[in-house]
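Shown next, in structure tokens, is the structure this report addresses.
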Amino acid sequence: MTDDAYDSPRSLGLLETLLSPLRAPERVVRDIEQIAASLLSVEGVIQQHLTSVDERAGGLLGAVATLQDTLETLRSPMNRIDRKVTQLTKLEQVIKASIEELQNPLDRIDLKMTELANLEQSVTERMDAINRDLNERMLAVEQEVRTMRAPIQQMAGDLSKVQGLLPEPTDGPLTRLKDTFTTN
């Protein structure tokens with residue numbers, strides 16, 4: 001074939017087709033170089049972002065450490081609070097059991113108090129009845145004493161008259177009788 005044969009459009013297409021597999025690595029290398037150039041240009045931006053992320057991560061690690069310290073600080077009171085809640089729960093159970101144990105004696109005491117209140121009311125009613133009866137009897141006795149006062153005074157006056165009429169013997173039964181009836 002002559003050089004002109006290679007210059008024909010048809011021969012160029014065939015030649016290009018035959019050389020195309022040999023050019024593929026050249027294109028791949030060119031694409032890789034473009035990708036590498038792009039990566040190099042992005043590397044600075046990525047480095048800045050990674051530096052920023054590292055700084056933030058360092059601050060975040062400090063905050064996490066502070067948070068862990070705070071959590072450790074809070075765990076101790078929380079454990080104490082949990083222990084206190086447990087103790088309070090046990091105390092509540094003990095109190096509840098004690099109340100249940102005391103309920104029967106308290107019920108018996110309530111029953112006895114009711115019985116005592118009824119007995120007190122009964123005794124009060126009886127005492128009031130006795131008091132009324134005593135008052136009535138005392139009024140009757142007072143009435144009788146008032147009724148007997150006039151006759152007793154009359155008898156005292158009569159006795160004084162009898163004494164005045166008696167002779168004055170120095171000794172004897174009349175003197176003893178006089179001593180018995182006279183008051184000094």
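The values are calculated or read from the model by the stated rules, or taken from the named source; none is laboratory data. Because the structure is predicted, anything quoted here is derived from the model rather than measured. Heads up, the Cβs are rebuilt from the backbone with ideal geometry, glycines too, and the neighbour counts pull from every protein chain shown.
Looking at LYS96, LYS178, which is the one that is charged (D, E, K, R), surrounded by 10 or more Cβ atoms within 10 Å (Cβ to Cβ), at pLDDT below 90 and touching a helix residue (DSSP H, G or I) at 6+ places or on another chain (Cβ under 8 Å)?
When all the criteria are applied, what remains is LYS178.
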Within segment 127-166, can you find the residues that are aliphatic (A, V, I, L, M) and within 60 Å of the chain's Cα centre (by Cα)? MET127, ALA129, ILE130, LEU134
From LEU40, LEU19, LEU67, residue being surrounded by 10 or more Cβ atoms within 10 Å (Cβ to Cβ), out of contact with any Lys or Arg (no Cβ under 6 Å at 6 or more places or on another chain), at pLDDT below 75 and assigned to a helix (DSSP H, G or I): LEU19
